1. Can you give me the long-range amide H partners of Ser283? Hydrogens built in the peptide plane at 1.01 Å from N, cutoff under 5 Å, separation of 5 or more residues or another chain.
2. Hey, what do the phi angles of the range 18-25 turn into as Karplus ³J(HN,Hα) couplings, whole Hz, using 6.51/-1.76/1.60 and θ = phi - 60°, x for Gly and Pro?
3. What is the spin-label model distance, in nm, from Asp185 to Val87 if the labels are put 7 Å beyond Cα along the C-beta direction?
4. In nanometres, what is the gap between the two model label sites at Gln94 and Arg226, each 7 Å from Cα along Cα-to-Cβ?
5. At a Förster distance of 35 Å, what's the computed FRET efficiency of Phe54 paired with Ala296, Cβ-Cβ distance as r, to 0.05?
6. Counting other beta carbons within 10 Å of each Cβ, put Ile170, Ile294, Ile98 in order, fewest first.
7. Subtracting the Cα-Cα distance from 0.36 nm times the residue separation, let me have the gained length for Met248 to Ser279 in nm, one decimal.
Amino acid sequence: MTSGRGAVAVPVLPVQDLERSVAWYERLGFEVLARFDEYAIAAFDGAELHLVTFDVEYPPMSLSGAYLRVADADVVFERWTALGAPVVAAPEDQPYGIREWATEDLDGNLWRVGSPVAALAETIGVADDSDRSSDREEGATATTESTESTETAGPTDGDELPARALGAEIRDEAHSLGRLLAGADDDAVRVRGRGRGRGREGSWSALEHGVHVRDRLTVCAEQVVRTLAEHEPELGPSPQDHAIHDGMANESDASAVVDDLGRNAAKVSEALRMVDDDSWGRSARLPDGGRTTIEALARDALDSVVRHRLEAERAIHGDR
């Protein structure tokens, strides 16, 4: 399973309950491209997957499976297992040059997720953004425009990323926020007043930061698609804080917010994948009369996700 050029084999996996399986794959970050009564098409970082409903009586268990090659198998392992994927085999360097681990979906379809060991070893210490996606080192120093101090466990400054890497970085940061919310106690994600954010954001709970990012990503995906399809569209005001101002965000189901974060981040990533090198400068008009571009929309979204993830960490853990 690959997103490279040339012929591509697409796995078709049998499932008993299509809606349940689609929801499970969306939680892991797959983007659903098409859905029919008994068939669905999804994608993950450019790789395509088809799901088809089979008779519940036969086969009694699935014998299907797929190989997925990614930039960093360990990053995907941490992300997927944090979101509930079972571990069939832990990450391990294989004699055929692949670092690989295994999981299975709700119907027993086996997934072997791996990355080339040699390729990773050759790039250690080399600053190359040409294939940057999930392969950044954990704990890299990061700063954002809205934080006064230097943080760890975050991405490199978004301004250093090439435009084509922004979608993957947004997706990774949104998944980090999702893991933070999923790993915290339900009461802890609703505690307010521990942040240092600007204005009212400093009093938000971690869950409210998650809701804001969830809705911010929906808006970003829509704005990118419109700007790509239309000539200088006029973008409306962003409604992503309505749930917070209405006081409803902190009553949200945390697990549903985590699911939506993965789903909406995948939508942004997929929208940005449609942008070719000559289209990042396509412009749109803002409500205040100013102008923005697709690249600026993406960088602003990344900055927002990073800032709110850091504030969500403070809301849960305080200043540690």
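1. Those qualifying (amide H under 5 Å, at least 5 residues apart or on another chain) are Glu232.
2. 4, 4, 4, 5, 4, 4, 5, 5
3. Each label point lies 7 Å from its Cα, and together they span 2.5 nm.
4. The modelled label-to-label distance comes out at 4.6 nm.
5. Numbers: r = 46 Å, r/R0 = 1.32.
According to the calculation, E is roughly 0.15.
6. Details: Ile170 30, Ile294 25, Ile98 19.
By the 10 Å Cβ count, ascending, the order reads Ile98, Ile294, Ile170.
7. Working: separation 31, 0.36 × 31 = 11.16 nm, distance 3.78 nm.
Computed gain between Met248 and Ser279 is 7.4 nm.
Laboratory data are not the source of any read-out in this text; all were calculated from the coordinates shown. Keep in mind that this is a model prediction, so the values were computed, not measured. A quick note on method: Cβ atoms are made from the backbone with ideal geometry, for glycine too, and the neighbour counts reach across all protein chains shown.
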